[in-house]
1. Tell me, what HN-Hα J-couplings in whole Hz come from the Karplus equation 6.51 cos²θ - 1.76 cosθ + 1.60 at θ = phi - 60° for each residue of the stretch 98-115, using x for Gly and Pro?
2. Run the quick spin-label model on residue 51 and residue 74: label points 7 Å from Cα toward the beta carbon, then report their separation in nm to one decimal.
3. Stretch residue 234-residue 176 to full length: gain in nm at 0.36 nm per residue minus the Cα-Cα span?
4. On a C-alpha basis, how far is the centre of the stretch 54-125 from the centre of the stretch 35-51 in Å? Whole number, if you could?
5. Taking 0.36 nm per intervening residue step and subtracting the Cα-Cα distance, what contour gain separates residue 218 from residue 196 on full extension?
6. Quote the charge dipole size of the stretch 75-158 about the Cα centre in Debye, to the nearest 20; the model charges only the Cβ of Lys and Arg (+1) and of Asp and Glu (-1).
7. Order the following by accessible area, largest value first: 81, 219. Probe radius 1.4 Å; ligands, DNA and RNA are ignored.
8. If I take R0 = 22 Å and measure r between the Cβ atoms of residue 92 and residue 166 in this structure, what FRET efficiency does the formula 1/(1 + (r/R0)^6) give, to the nearest 0.05?
Amino acid sequence: MTSATLTTGAEGAADRLGRTRQNASDRETLHLSLRELRLITERLLQAQGLALGAVPAVRDLVLHAQAAGLPALQFLADRLTAADRAHAGRVEIAAETPGALVVDCLGQSGLVVAPALLDLLQAEPGERVVLWAGHLERAQLVAVLEHQGTDRGVVLTVTPTAAPAAGLPEVPGELAGDGVLLVMERRAPELPDDPELRRLLPLVGSLPAARAVRTGIETPTALWWSLFEDSAGALSPESVTSLKHAGATAVDDNGVIEPDLTDDVDFVGDTSGATATTDEKEQR
């Protein structure tokens, strides 16, 4: 849970129910649970126009990246780029040889293409796989993949660099600038000594996230509430239609909530065993 609460009063801008958001401790940072960070991140990605099929994988990597100390939430605050929305994480293989790939990221952000890069590494056979990712924005965020190998039985190394390394197939000129070199080795990674972290690791997917189960994910307060407000863009506006789909509440065609008679009228049974007449039923 965060240390932020909903309080009633005149401080700050109140919502239509008279509530105002305020940090209970007035500190500059909050500690977020994995659940709430995952929820708000998913809403933000939807509100910013990422293809729905790409949302779950990117959402999870945002969580792992923020837990690892990478500026993933700031990436969301800066919003997805046009390339992110257009390609939704799709990448193209520009060149390949056994155990080595050159990938065009089509100008997308590192966190958006990271799921595809991980899939390509895992699909390639061999004890060691090398991948060069070029035409990439926010390349430093691909470093989140270093934390994805521990529960997969591999070791991943991510190195942002200005030039491809030796051993790769020929890299097209447009991809030879700033990019990321990824190396995956199929060998056992080091596991933590803490048995609780080892238990949590396969459940949450990375060691930073496993630690965050206990400690939460520290996040600047102002940044979090800004993202929280922005995430409402993924929700349906209040309307007759939304009210009718909000549960079992009876709503008429004008959106007015109809009185719930079940709380005021009890079922009237015939305790004598006789069958009630039609007139009696109408009277009831």
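1. Values per residue, Gly and Pro as x: x, x, 8, 9, 10, 10, 9, 8, 6, x, 8, 6, x, 5, 6, 8, 4, x Hz.
2. It works out to 3.0 nm between the two label points.
3. Difference between extended and current length: 17.1 nm.
4. Result: 16 Å between the Cα centres.
5. Extending this stretch completely gives an extra 5.9 nm.
6. Roughly 180 debye for the stretch 75-158.
7. Order by accessible area, largest first: 81, 219.
8. E(calc), rounded to 0.05, equals 0.45.
The values are calculated or read from the model by the stated rules, or taken from the named source; none is laboratory data. Keep in mind that this is a model prediction, so the values were computed, not measured. We place every Cβ from the backbone using ideal geometry, glycine too, and count neighbours over all the protein chains shown. Each accessible area value is taken on the protein alone, full model and side chains, heavy atoms only, with ligands, DNA and RNA left out. Shrake-Rupley method; radii C 1.70, N 1.55, O 1.52, S 1.80 Å.
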